[in-house]
Amino acid sequence: MSLKWTISDIFAMSDRNLIRYLRLPQLIVFSSIQPVMFLLLFAYVFGGAIKIPGVDYIDYLIPGIIVQTVIFGSMQTGVGLADDLMHGMIDRFRSLPMSRSAVLAGRTLADGIRNIFVIILMVIVGYLIGFQFQNGLGNAVGALLLALILGFAFSWIAATIGLMVKNTETAQVAGFIWVFPLIFASSLFVPVETMPNWLQAFAHVSPITVSVNAVRAMSLGGEIGEPLLKSLAWIAAILVVFIPLAVSRYRRSV
Amino acid sequence: MPAIEVKNLTKYYKTVKAIDGMDLEVPAGIIFGLLGPNGAGKTTLVRILTTLLKPTAGEAKVLGLDVAADAQALRSMIGLAGQYAAVDEHLTGRENLELVGKLYHLPNNDAKQRAVELLEQFDLMDAADRPAKTYSGGMRRRLDLAASLVAKPKVLFLDEPTTGLDPKSRIDLWKMIRQLVSKGTTVLLTTQHLEEADQLANQIAIINHGKIIDQGTPNELKSKFGTDILELDIVNPDQRQAAATAIAGLGISEPQVDPINGYIRLPIRGSTAILTEVIRRLDLAGIEVKDILQRRPTLDDVFLKLTGKHEPEVDNL
């Protein structure tokens, strides 16, 4: 399979998946409602009780919410693939002389592009309730890009799960069951230092914590280098492990 | 060269044997029907022949290409319409076909043109720019079949193509499948419906427990395993038993009275002489006949003889 055809297949597949989002904008709207609810919940209900020295909670919160949004969004990759499996689409694609990896790459790419819109929406909502980037435009763009590629990496985990469970409902549950604790046991909503020691040990090294810290630093100021490197290391590790895993599940999917 | 050649093919799912040392040869240019109940191994065979599954042992070749070693080359020469209508319901009919064309690596314009040809051929032009989710079951099947034909495959695999269709859509689809073969495509079709195999297939293999248990043309199978049946309906229901007694000994086995519709059935070999004798004897016994007909054996009779079961769909009830 030449590179030219692989790329052409990936674009054909991502087009196909993006058309779904264009035809069903409510998919994006509804998948954004949950993060907006979290945003409002933490901004107005819990936020008053959370005091973080030197920073407004809204400013602290929005970078976290952006990461949460892309992670939740990326879980849809698994649901979409399970749906394709259930409806015989994967059989059709596997019987075509197309690139073996394009079905997965096209899907993760499309979900990444969808995440761009959701991130922009979250930034707009954030600005409406008082959030501001405070570290220059370049760093702000860098923060959003990091969130995007983190979401792309998590899409490959979701793809592996979706191809393993082969059922949309199960993929939905199997996606959230491990993401939820990962999201909460991190610096996403509150500083890790307020957690019990045993949880801190986990939260400090979590890919969510290091990524949120990097996104937050690029948005608001503070040390960028270390959390950014750790986050990129996590992203690279996830891609190195889960791309081959997902492709091999795809080849063997029945 | 035969279109499909299968030698001593075996497929295990973990410990379950889905295909059990199967041999099969399908000549080019015909509709070949693979008939068998659920779980007989039909879909597994189709999945192996379309490169979706690797065989555990044995050999399978399509158009002379090995399904495992030459999979990629083979994929551009075959088409598959599986058990589900595999169409993206958010894409329009046209977009579905153009997508498949692109994935077959047709140049963009060719993919577009081919989509239009197929939409016309399958009577979907009016619905071409509507999302497929607005299509009826029959339209989806037609679109699915159209998608499997985008690259003008030499061999087409249809796995239970009319499952879930109403009778009219089924007959429409049959007509379209026959047209394909008239243009030189070889079709391998699996079905649980005897009528479908009978209507469409030039040759039939009966498959059960992962093995081919017999094959031949529909007529060969029928005359090999079935006998003609004389069916009688008489005016006075009280005389049914008397009628059966009157004609006893004329057939190759004893006449039976159907407990449900009251028809008297007599298995026979040969015909006109027996027919005359049956009418003469009933007349002599003073039994008035409402209707009489001689029917050829159906594939159901064949299936019953070979597997000890009725037509599979009846079996599923």
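Here are some residues: B:G249, B:G262. Which one is assigned to a loop (DSSP other than H, G, I, E, B) and out of contact with any helix residue (DSSP H, G or I) (no Cβ under 8 Å at 6 or more places or on another chain)? Even if it seems obvious, please write down each step before you answer.
Values: B:G262 fails: out of contact with any helix residue (DSSP H, G or I) (no Cβ under 8 Å at 6 or more places or on another chain).
Just a single option satisfies the conditions, and that option is B:G249.
Could you check segment A:141-220 for helices (runs of 4 or more DSSP H) lying wholly inside it with 3 or more residues that are under 13 Å from the mean Cα position of the chain (by Cα) and modelled with pLDDT under 95?
Working: elements: A:168-184, A:197-205, A:207-220.
Of the helices (runs of 4 or more DSSP H) lying wholly inside segment A:141-220, those with at least 3 residues that are under 13 Å from the mean Cα position of the chain (by Cα) and modelled with pLDDT under 95 span A:168-184.
So A:L22 passes all but one of these: (1) more than 17 Å from the chain's Cα centre (by Cα); (2) within 14 Å of another protein chain (Cβ to nearest Cβ); (3) buried (at least 19 other Cβ atoms within 10 Å of the Cβ). Which condition number does it fail?
So A:L22 meets the others, but not (3).
Just one of the numbered conditions (1) away from chain B (no Cβ under 14 Å); (2) within 13 Å of the chain's Cα centre (by Cα); (3) hydrophobic (A, V, I, L, M, F, W, C); (4) farther than 18 Å from A:F184 by Cα is not true of A:A110; which one?
Checking A:A110 against (1) away from chain B (no Cβ under 14 Å); (2) within 13 Å of the chain's Cα centre (by Cα); (3) hydrophobic (A, V, I, L, M, F, W, C); (4) farther than 18 Å from A:F184 by Cα, the one that fails is (1).
Within segment A:83-100, identify whether any single residue is in a helix (DSSP H, G or I), of a type outside the set (V, I, T) and more than 9 Å from chain B (Cβ to nearest Cβ), and answer yes or no. Please lay out each step first, then the result.
If we filter segment A:83-100 for residues that are in a helix (DSSP H, G or I), which is where we start, we get A:83-86, A:89-94.
Of the ones still in play, those that are also of a type outside the set (V, I, T) are A:83-86, A:89, A:91-94.
Subsequent filtering for residues that are more than 9 Å from chain B (Cβ to nearest Cβ) retains A:83, A:85.
Checked segment A:83-100: at least one residue is in a helix (DSSP H, G or I), of a type outside the set (V, I, T) and more than 9 Å from chain B (Cβ to nearest Cβ).
Which residue is nearest to the other protein chains (Cβ to nearest Cβ), if the candidates are limited to segment B:45-65 and must be under 10 Å from B:F157 (Cβ atoms) and outside any loop (DSSP other than H, G, I, E, B)?
This residue is B:R47.
Out of contact with any helix residue (DSSP H, G or I) (no Cβ under 9 Å at 6 or more places or on another chain), of a type in the set (G, A, S) and modelled with pLDDT of 90 or more - does that describe any residue in segment B:190-205?
Of all residues in segment B:190-205, those out of contact with any helix residue (DSSP H, G or I) (no Cβ under 9 Å at 6 or more places or on another chain) come to B:205.
Now drop any that are not of a type in the set (G, A, S), which leaves B:205.
Among the residues that remain, those that are also modelled with pLDDT of 90 or more are: B:205.
There is at least one residue in segment B:190-205 that is out of contact with any helix residue (DSSP H, G or I) (no Cβ under 9 Å at 6 or more places or on another chain), of a type in the set (G, A, S) and modelled with pLDDT of 90 or more.
Can you pull out the residues in segment B:207-238 that are closer than 23 Å to B:S253 by Cβ and in a strand (DSSP E or B)?
Scanning segment B:207-238 gives B:D214, B:D228, B:I229, B:L230, B:E231, B:L232, B:D233, B:I234.
Give the residues of segment B:182-197 that are surrounded by 17 or more Cβ atoms within 10 Å (Cβ to Cβ) and either at positive phi or over 12 Å from the mean Cα position of the chain (by Cα) (or both), sorted by residue number.
First pass over segment B:182-197, keeping only residues surrounded by 17 or more Cβ atoms within 10 Å (Cβ to Cβ): B:185-194, B:196-197.
The answer is B:T185, B:T186.
Considering every residue within segment B:212-227, establish whether at least one is without any contact (Cβ under 8 Å) to a residue 24 or more places away in the chain, under 19 Å from B:I4 (Cβ atoms) and of a type outside the set (S, T, N, Q).
Yes, segment B:212-227 contains a residue that is without any contact (Cβ under 8 Å) to a residue 24 or more places away in the chain, under 19 Å from B:I4 (Cβ atoms) and of a type outside the set (S, T, N, Q).
Given B:G21, B:G79, B:G41, which one is more than 23 Å from B:R141 (Cβ to Cβ), within 19 Å of the chain's Cα centre (by Cα) and of a type in the set (G, A, S)?
Details: B:G21 fails: within 19 Å of the chain's Cα centre (by Cα); B:G79 fails: more than 23 Å from B:R141 (Cβ to Cβ).
So the residue among B:G21, B:G79, B:G41 that is more than 23 Å from B:R141 (Cβ to Cβ), within 19 Å of the chain's Cα centre (by Cα) and of a type in the set (G, A, S) is B:G41.
The values are calculated or read from the model by the stated rules, or taken from the named source; none is laboratory data. Fair warning: this is a prediction, and the values are worked out from it, not measured in the lab. Methodologically, a virtual Cβ is constructed for each residue, glycine included, from the backbone with ideal geometry; neighbour enumeration extends over all protein chains shown.
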